[in-house]
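Student: Got a structure for you, questions after.
The values are calculated or read from the model by the stated rules, or taken from the named source; none is laboratory data. Keep in mind that what you see is a predicted model, and the values were worked out from it rather than measured. Using ideal geometry, Cβ is built from the backbone for each residue, glycine included, and neighbour counts are taken over all protein chains shown. To get the accessible areas, we keep the full protein, side chains included, count just its heavy atoms, and leave off ligands, DNA and RNA. Shrake-Rupley method; radii C 1.70, N 1.55, O 1.52, S 1.80 Å.
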Amino acid sequence: MSRYLTLIPYLAAQKILKNSAKPKYQVKTILVTESSGLVTYEPVFSRLTVPPGAISQRDGYAANCSETLEATDKNPVRLEKYSWVHTGSPLPDGYDCVIMQEDTRTDNSGVISIIKPARPGQHIQKKGSEIHTGKMILPAGHRINPEDIGAMVGYGITSVQVKSMVAGLIPTGDELKEPCIAPGPGEVIASNSPMMAAYLKELGITSISYPIVPDDPEKIREAIEVAVRECSFVIISGGSSTGIRDHTSRVLGEIGGILYHGVAIKPGKSTLAAIVDEIPVFGLPGTPGGALAVLRELILPWLSDSGHPVPIPHSIEVTLAESVPSELGTDDFVQMVVGRVHDRYCAALVPRGGGQMASVKSNGILHIPRNCEGWKEDKTGIIELTRLFPHPDNILLFTGETDPILDFLDQFLRSFQMELFARKTSWETTLISMKNRKFHGGVVARPRVKGRYLSVDHSLLSEEVKTITLAEREYILASRELFHPETMKGKSCPTLLENSFLSAFMQEYFLAHDIDITQVSSITPVCVNEQDIVYKIRSGEIEFGPCPAFQASEYDLVGPVIGCISIDLMIREEDIASDQMKRIIDLLSSDEWKDTVCLIPGYSSKRSGQISSFP
């Protein structure tokens, strides 16, 4: 077998499936009350005539309209023959209209008069006006919803024949572990089957999730043979490529016929489809992103072409907040986040290679056709929304730094049906995005020591901006044991990057405690990040060094606070008074927010909610 796939176009793959693969339906009779989301196998007809007789639509008097023809407000006409009726009660024989009580007058002797003429059939619902016995309620092939269940029950139907599909889900791979088992090095949880089962359940399709199958051709064959006997179609996750441990294609070729192997889509190029004993079998990549893309872009359209009701996705026109590259000759399906910024919807790229978190964060898919080498920033196009809650109107797009405190802010915003997405970018890109107005703002991490901010380059800013402080991430001079400043002579510390904020924090501490830096031993080479410092303290290479307090707490390191990083939202001054920003400011100033921050190791809420000028 060739190690290289011959890729067919995405639309060609859809056409092959439409013409060559048909799912096997299962027909069963179930209670109407349990039929929501399923598809009717045959038409459903009413067993009742509703209403069974004429009924009153108002509280009032059943009467004959011929008695009321001369009635006016100034010349009321006395009713000689009438009967009191309630809304929904049967109309007594011999009457042809209902007169509302407010259109009558009653004198002291109880005589009832009408003050306006009535017409034949007034306020009467005729027999069978809703439905007659034998009339169709639902056609065949209709997906049953809650309103349909109410109608069927109301029209005397207690059970209904439905056609259903059962999807067989087979996870393959030596590296896979069941969800209840913690994976070791080189191992992953088998999460594709639960994800696909949940996706298909929303379409009214039940699933059988089979046990994990190792990378063994015979065992893969056995699993497929069992699944095609029990299911309408089968999805195999993993092993669809052409590596030495990828056996799916060879096994399917031996027991069935391959429809295609390799489609020019991204992600999911190695996908395949086959027919085994007249049952469609799909081979999907093992990566969650590739599996989801093939499910959404190939299997769901095939289900729709096969007659299964698949909802049409909601689409929205957007402006790209940044350029999105793509490979010529490949249909690229890119996960995006859409939010409303001022008077337009903007779409930000979810970082590729983000695993399942990319699907969690995104709310839309951008399809870049195979004849295009990507889309440029500011281009307008259509994105299919993958979820509608929160609505894009309530999604805030930010660019800049990322910090765990943003997850807590996002959590708080959910109670207001809002959501926050922060795209990690360089400082320069963050400042440019403020200018281009395709994000709501930026996230900036500003070092503070002794109550003042350390200077940052803001030359790319062209307008006035404000910052709103979320919280401060505290830094300590960490060591394995707490020490007094006077005992630091001769102790070892890291060599830090010149002009770095870590260096500034440590120097300020030395100055404040009259510590002669020449009497402290600095090791080489330079420690380039905080994790490196923590590692060297734990290994004994150095005795102390600056690092985040939350990171120190994870390794039982202790020390005095020497500075902090202020995690701020950077907002254009003109937007600071918007309803969305007012809500964030109120939230950050609340006791609930400050109490939450205080529970996060290494964070301080002392300045939460404060608004400052920038720089």
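Student: Give the residue that is surrounded by the fewest Cβ atoms within 10 Å (Cβ to Cβ), with candidates limited to residues of the range 513-534 that are touching a strand residue (DSSP E or B) at 6+ places or on another chain (Cβ under 9 Å) and at pLDDT 85 or above.
Tutor: Out of the qualifying residues, it is GLN531.
Student: Take SER270 and tell me if it is within 26 Å of LYS18 (Cα to Cα) and in a loop (DSSP other than H, G, I, E, B).
Tutor: yes
Student: So, of the residues in the range 370-385 that are touching a helix residue (DSSP H, G or I) at 6+ places or on another chain (Cβ under 9 Å) and modelled with pLDDT under 95, which turns out to be surrounded by the most Cβ atoms within 10 Å (Cβ to Cβ)?
Tutor: ARG370
Student: Could you grab me the full set of residues in the range 396-405 that are within 20 Å of ALA347 (Cα to Cα) and open to solvent by 10 Å² or more (accessible area, probe 1.4 Å)?
Tutor: GLU401, THR402
Student: Being of a type in the set (S, T, N, Q) and either open to solvent by 50 Å² or more (accessible area, probe 1.4 Å) or in the same structural domain as LEU320 (by TED's automatic domain parsing) (or both) is the filter here; which residues of the range 423-439 pass it?
Tutor: SER426, THR429, ASN436
Student: Sort out which residues of the range 311-330 are of a type in the set (Asp, Glu) and surrounded by 23 or more Cβ atoms within 10 Å (Cβ to Cβ), and write them in order of number.
Tutor: None; the set is empty.
Student: Exactly one condition in (1) in the same structural domain as LEU298 (by TED's automatic domain parsing); (2) touching a residue at least 40 places away in the same chain (Cβ under 8 Å); (3) of a type outside the set (Gly, Ala, Ser); (4) in a loop (DSSP other than H, G, I, E, B) is not met by CYS180; state its number.
Tutor: It is condition (2) that CYS180 fails.
Student: Among the residues of the range 342-369 satisfying the criterion of being out of contact with any helix residue (DSSP H, G or I) (no Cβ under 8 Å at 6 or more places or on another chain) and in a loop (DSSP other than H, G, I, E, B), which is surrounded by the fewest Cβ atoms within 10 Å (Cβ to Cβ)?
Tutor: ASP343
Student: Here's something else I'd like to know. Is one or more of the residues making up the range 460-479 at pLDDT below 90, open to solvent by less than 80 Å² (accessible area, probe 1.4 Å), among the basic types (Lys, Arg) and within 20 Å of LEU406 (Cβ to Cβ)?
Tutor: Within the range 460-479 (the criterion being at pLDDT below 90, open to solvent by less than 80 Å² (accessible area, probe 1.4 Å), among the basic types (Lys, Arg) and within 20 Å of LEU406 (Cβ to Cβ)), the answer is no, since none of the residues qualifies.
Student: Could you pull out the residue among SER35, SER46 that is modelled with pLDDT of 95 or more and touching a strand residue (DSSP E or B) at 6+ places or on another chain (Cβ under 6 Å)?
Tutor: Exactly one residue qualifies, and that residue is SER46.
Student: Output the residue which, of all residues in the range 494-505 that are surrounded by 15 or more Cβ atoms within 10 Å (Cβ to Cβ) and under 43 Å from the mean Cα position of the chain (by Cα), is nearest to GLY563 (Cα to Cα).
Tutor: Across the range 494-505, the extreme among qualifying residues is PHE505.
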